[in-house]
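Chemist: Structure provided below as structure tokens; questions to follow.
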2 protein chains.
Amino acid sequence: MPLGRWAPLRHPDIADVRLDDVLQALADPTRRRIVRMLIAEGDRPCGTFGLDVAASTLSHHFRTLRAAGIIRQYDNGRQRFNTLRLAELDTRFPGLVDQILHAAAADADPAPR
Amino acid sequence: MPLGRWAPLRHPDIADVRLDDVLQALADPTRRRIVRMLIAEGDRPCGTFGLDVAASTLSHHFRTLRAAGIIRQYDNGRQRFNTLRLAELDTRFPGLVDQILHAAAADADPAPR
């Protein structure tokens, strides 16, 4: 994630998070997989998700999740870490993320690792 | 909805309905409003939703909902009716549509009529 590494990372206030953005962000199996891995294993750097997608695509996915208010990103040394804003999201849209991940499990998503 | 009125209407089998399409279709306040009106008042023709959007835009919204597997459309005389596939959707993604509509109620969606 070389571009913009040192630019300040913008995160929407939870009160400004829009349902449309959350739904659009989660309407993608790779982004749902990122969310599931964060739930299962906690904070982790961008490069460690083991997803078979181009770096630029992955970068786009993380940006989309951050802009939608689903993850928070922070730099630690040379790594950019990701953390899920699940508790915040649950105050705003109770149970929604969980429900979508459950629906995904019924769909053709790859199994969580 | 003049264009394609007499073309056969395609509806995906519920087994082929994709979560990504459902989420994208519901990531729009006008489309969620259509769904809420169908829940509250049952089947109704396209022209009777009283939504303040251009006919072509409305047409696009109905097509999006139909392609995503959320509504079924049928022609009756000169009118095209819409019916919600909620029972089918609930067998595939239990509770999902309801959860999204509840989340929308917590957001800035217009109140249901």
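Please treat every number below as a calculation from the coordinates, not as lab data. Computed from a predicted model, the values in this text were never measured in an experiment. Quick reminder, even Gly has a Cβ in these numbers, built from the backbone with ideal geometry, and neighbours come from all protein chains shown.
Chemist: Suppose the filter is crowded, with 19+ Cβ neighbours inside 10 Å and either away from chain A (no Cβ under 14 Å) or within 23 Å of A:Asp21 (Cβ to Cβ) (or both); does B:Leu96 pass it?
Modeler: Values: crowded, with 19+ Cβ neighbours inside 10 Å: yes; either away from chain A (no Cβ under 14 Å) or within 23 Å of A:Asp21 (Cβ to Cβ) (or both): yes.
Considered against the rule, which asks whether it is crowded, with 19+ Cβ neighbours inside 10 Å and either away from chain A (no Cβ under 14 Å) or within 23 Å of A:Asp21 (Cβ to Cβ) (or both), B:Leu96 comes out as yes.
Chemist: Which one of the conditions (1) surrounded by fewer than 20 Cβ atoms within 10 Å (Cβ to Cβ); (2) over 24 Å from B:Arg31 (Cβ atoms); (3) of a type in the set (A, V, I, L, M) does A:Leu84 fail to meet, given that it meets all the rest?
Modeler: So A:Leu84 meets the others, but not (1).
Chemist: Inside the range A:71-93, can you point out the residues that are under 19 Å from A:Leu23 (Cβ atoms), of a type in the set (A, V, I, L, M, F, W, C) and either more than 13 Å from chain B (Cβ to nearest Cβ) or without any contact (Cβ under 8 Å) to a residue 40 or more places away in the chain (or both)?
Modeler: A:Ile71, A:Leu84, A:Leu86
Chemist: Touching a Ser or Thr at 6+ places or on another chain (Cβ under 6 Å) and of a type in the set (Asp, Glu): which single residue out of B:Asp16, B:Asp43, B:Asp52 fits that description?
Modeler: Details: B:Asp16 fails: touching a Ser or Thr at 6+ places or on another chain (Cβ under 6 Å); B:Asp52 fails: touching a Ser or Thr at 6+ places or on another chain (Cβ under 6 Å).
None of the others qualify; the one that does is B:Asp43.
Chemist: In addition: All but one of (1) buried (at least 17 other Cβ atoms within 10 Å of the Cβ); (2) within 13 Å of another protein chain (Cβ to nearest Cβ); (3) not small (Gly, Ala, Ser) hold for B:Pro29; which doesn't?
Modeler: (1)
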